[in-house]
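A.B. asks: First the structure, which I've put down as structure tokens, then a few questions once you've had a look.
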Amino acid sequence: MIASVFRAPSAIGAVCQFRFASVASPSHRNPFVVTPEAFVTTLSDEAEKNVAITKLEPTIFRATPRLDLLHRNIVWQENYRNLQLTKQLSRAEMPGGGKKPWPQKKTGRHHAGSIRSPHFKYGGFAHGVRGPRTWFYMLPDSIRLKGLCTALTIKHAQNDLVIADSFESLSSDDPLFLHNLADTRNWGYSVLFVDTGSDVATKLVDAVEHIPSFNAIPIYGLNCYSIMKYDTLVLTKAALDELQEKILSQFQRTDSLQKKYKYMDYKPVLLGEGQHEEDPVFPPYV
């Protein structure tokens, strides 16, 4: 009897251990722990045809979905390039109005020193817009990287991430063929194609050129705004490998990810970007 009492806790522990073992472990139940995978498809036919399976980097495609950082990235991309060139003239800068319009007294009218005062028609502006003005600022690298990983994680979790073997496998440059291919595979209204460099396959460029909701960009132009703007993101296998390598190298670099970006440090570069593209007649359009 005494021996059975002493053996009871171990027996209960064994039963509990067996019951917990029968339930799937968290690593198998949590999709953010398991190594993500994706099919590699070919674009030769309209019907979907998978040719391989590739493993994705969990740090990038299983990141914690920080929607706040994703929102900060999108707001930054919408604002940091804005430039206001409007400049409203004040009373002193308006032409004319140097003479007092009527005597100070004995006319029954209000006192006025210039017809270019703000309360006059065709007068100057009080507290008007004084351009040029910029909203330039830069997010820290850590926020930009985590926002990019969040966007990629969301696309993969929603089954809106497609890995293609190569854009050279596209069998036709007909826009109708590409449109039917996207419709058959349920890619949605808008699709973003991403390749390793700016030398994208000719057939894809010719087809995308005639479909307004489709676009093709190189890997170095990938950003949070473009990822969330389009319904489906299509990456080549080479672009996927290069993207993962670059993001991991940024996460593992030795210098700080909290680098400070000041406008004055980049002002000569930003102002000199279009110096060779200025039109001699028409002003720049921003």
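A.B. asks: Compute the distance in nm between two label points, each set 7 Å from the Cα along the Cα-to-Cβ direction, one at residue 52 and one at residue 75.
C.D. replies: Distance between label points: 4.2 nm.
A.B. asks: Taking the Cα centre of the range 83-134 as the origin, how large is its charge dipole in debye, to the nearest 20, when only Lys and Arg (+1) and Asp and Glu (-1) carry charge on their Cβ atoms?
C.D. replies: Roughly 220 debye, rounded to the nearest 20.
A.B. asks: In whole angstrom, how far apart do the alpha carbon centroids of the range 206-260 and the range 31-77 sit?
C.D. replies: 11
A.B. asks: Oh, and also: Just read off the accessible area of residue 42 with the full protein assembly in place, 1.4 Å probe, to the nearest 10 Å².
C.D. replies: About 10 Å², rounded to the nearest 10.
A.B. asks: Could I ask something else about it? With a 1.4 Å probe and every protein chain left in place, work out the accessible area per residue of the range 83-134 in Å², rounded to a whole number.
C.D. replies: Heavy-atom SASA per residue in the range 83-134 reads 78 Å².
A.B. asks: What accessible surface, in Å², does a 1.4 Å probe find on residue 87, ignoring ligands, DNA and RNA and rounding to the nearest 10?
C.D. replies: 110
A.B. asks: Hey, another quick one. With Cβ to Cβ distances under 13 Å as the rule, what net charge do the other residues near residue 69 carry (K, R +1; D, E -1)?
C.D. replies: Within the 13 Å Cβ shell, the charges total +2.
A.B. asks: Any lysines with Cα under 28 Å of the residue 267 Cα? List them, leaving off those in the same chain fewer than 8 positions away.
C.D. replies: Within reach: 87, 146, 246, 259.
A.B. asks: What are the ³J(HN,Hα) values, in whole Hz, obtained from phi via the Karplus relation 6.51 cos²θ - 1.76 cosθ + 1.60 with θ = phi - 60°, for each residue of the range 173-178 in sequence order, with x given for Gly and Pro?
C.D. replies: 3J(HN,Hα) across the range 173-178, in whole Hz: 9, 6, x, 5, 5, 5.
A.B. asks: Which of the listed residues, 171, 110, 125, is farthest toward the dipole's positive end in the range 100-183, when Lys, Arg count +1 and Asp, Glu count -1 at the beta-carbon?
C.D. replies: Value: 110.
The values are calculated or read from the model by the stated rules, or taken from the named source; none is laboratory data. Quick caveat: nothing in here was measured; it's all calculated off a predicted structure. Here the Cβ is made from the backbone with ideal geometry for all residues, glycine too, and neighbour counts use every protein chain on show. The area values use the complete protein model at the heavy-atom level, side chains included, leaving out ligands, DNA and RNA. Shrake-Rupley method; radii C 1.70, N 1.55, O 1.52, S 1.80 Å.
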